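What follows is calculated from the coordinates using simple rules that are stated; it is not laboratory data. Note that this is a predicted model, so its numbers are computed, not measured. Heads up, the Cβs are rebuilt from the backbone with ideal geometry, glycines too, and the neighbour counts pull from every protein chain shown.
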Amino acid sequence: MKVLVAVKRVVDFNVKVRVKADNSGVDLANVKMAMNPFCEIAVEEAVCLKEQGIATEVVVVSIGSSAAQEQLRTALALGADRAILVESAEDLTSLAVAKLLKAVVDKEQPQLVILGKQSIDSDNNQTGQMLAALSGYGQGTFASKVAISGDSVVVTREIDGGAQTVALKLPAIVTTDLRLNVPRYASLPNIMKAKKKPLEVLTPSALGVSCACTVHILKVEAPAARSAGIKVKSVAELVEKLKNEAKVI
Ligand code: AMP
């Protein structure tokens with residue numbers, strides 16, 4: 001069974017981002033970049049499936065600038081077999097990314113596609129769902145457990161107020177939630193070995209996908225600074241303020 005994993009290069013989760021002076025976006029100059037944490041979980045799940053003898057090949061794909069090769073090499077060091085970069089310098093919408101992933105799915109014919117549930121930079125939480133719609137495959141989003149059973153995958157999903165278990169016919173799309181697994185660290189020998197693993201570079205035009213931008217960002221602003229809190233002397237005063245000042249009860 002071939003597993004395709006989509007990994008995105010994002011600002012490292014430890015970085016406090018700054019908005020550019022002209023409000024056109026987030027300042028990425030000299031900022032540490034990393035693999036999206038939910039994509040790390042996706043790679044870990046695919047590698048575990050390979051270690052269990054269920055998956056035969058793990059292919060990782062990233063869409064973005066050539067710098068995303070760094071995250072693909074990280075995924076290779078974590079255990080993926082080969083990588084594909086769809087190189088594009090454009091600012092891509094989720095729909096454009098989903099269309100490109102669909103073209104890679106058509107080319108690679110994986111049985112399982114694993115994505116993160118969301119990117120921590122755009123917080124879109126939509127690429128996996130769009131890919132499922134475009135490819136006509138079943139989707140198990142926010143997965144906290146994945147089990148392959150014959151020609152199906154059983155996915156336990158994190159939902160409001162509990163867990164839901166769904167069975168999807170393969171090929172299928174799964175998006176990872178935080179509790180699915182704990183990603184491993186790459187060892188130094190594996191980082192060295194990853195340098196020699198195959199990494200194919202494709203372009204959107206070679207895949208026959210137009211990435212025409214349909215969404216324009218008008219302005220990016222930092223959230224307003226929070227005003228200082230106050231200490232109340234009694235529960236009665238707290239209730240009074242919640243009722244008459246905050247008007248939340
Ligand atoms: P999003 O819908 O942007 O929140 O992203 C959800 C997931 O889609 C990510 O965790 C990735 O697995 C995948 N994804 C989004 N953008 C890209 C990209 N540029 N390259 C590869 N995978 C991506």
Considering (1) of a type in the set (Gly, Ala, Ser); (2) farther than 30 Å from THR74 by Cβ; (3) within 16 Å of the ligand (Cβ to nearest atom), say which one ALA225 fails and leave the rest. (3)
Checklist (1) in a strand (DSSP E or B); (2) within 14 Å of the chain's Cα centre (by Cα); (3) of a type outside the set (Gly, Ala, Ser) applied to LYS145, failing item: (2)
Within the stretch 139-159, does at least one residue satisfy the condition of being of a type in the set (Ser, Thr, Tyr), in contact with a helix residue (DSSP H, G or I) (Cβ under 7 Å, 6 or more places away or on another chain), over 22 Å from PRO37 (Cα atoms) and within 16 Å of the ligand (Cβ to nearest atom)? no
Looking at the stretch 6-34 only, could you name the residues that are surrounded by 12 or more Cβ atoms within 10 Å (Cβ to Cβ) and either in contact with a Pro (Cβ under 9 Å, 6 or more places away or on another chain) or among the acidic types (Asp, Glu) (or both)? VAL10, ASP12, ASP27
Candidate set from the stretch 123-136 (those that are under 19 Å from VAL166 (Cα atoms) and crowded, with 22+ Cβ neighbours inside 10 Å); member that is nearest to the ligand (Cβ to nearest atom): GLY128
Inside the stretch 179-219, can you point out the residues that are within 20 Å of the chain's Cα centre (by Cα), part of a helix (DSSP H, G or I) and within 20 Å of ALA80 (Cα to Cα)? LEU180
Among the residues of the stretch 95-122, how many are surrounded by fewer than 20 Cβ atoms within 10 Å (Cβ to Cβ) and among the hydroxyl-bearing types (Ser, Thr, Tyr)? 1
Of the residues in the stretch 171-208, how many are touching a residue at least 12 places away in the same chain (Cβ under 8 Å) and either aromatic (Phe, Trp, Tyr) or under 21 Å from ALA67 (Cα atoms) (or both)? 15
Near pairs, Cβ below 7 angstrom, 6+ apart or cross-chain, from the stretch 148-170 (touching a residue at least 24 places away in the same chain (Cβ under 8 Å)) to any residue that is among the polar types (S, T, N, Q): LEU168/SER152; LYS169/SER152; LEU170/GLN111; LEU170/SER152
For ARG179, are the conditions met, namely being of a type in the set (D, E, K, R), under 29 Å from PHE142 (Cβ atoms) and either within 16 Å of the ligand (Cβ to nearest atom) or loosely packed, with under 10 Cβ neighbours inside 10 Å (or both)? yes
How many residues of the stretch 96-122 are within 19 Å of ARG9 (Cβ to Cβ) and either touching a His at 6+ places or on another chain (Cβ under 7 Å) or aliphatic (A, V, I, L, M) (or both)? The answer is 10
Just to be sure I understand the filter: pairs with C-beta atoms under 6 Å, separated by 6 or more residues or on different chains, first member in the stretch 23-36 and under 13 Å from ALA67 (Cα atoms), second member not aliphatic (A, V, I, L, M). Which pairs pass? LYS32/ASP12; MET33/ARG9; ALA34/ASP12; MET35/GLN71; MET35/THR74
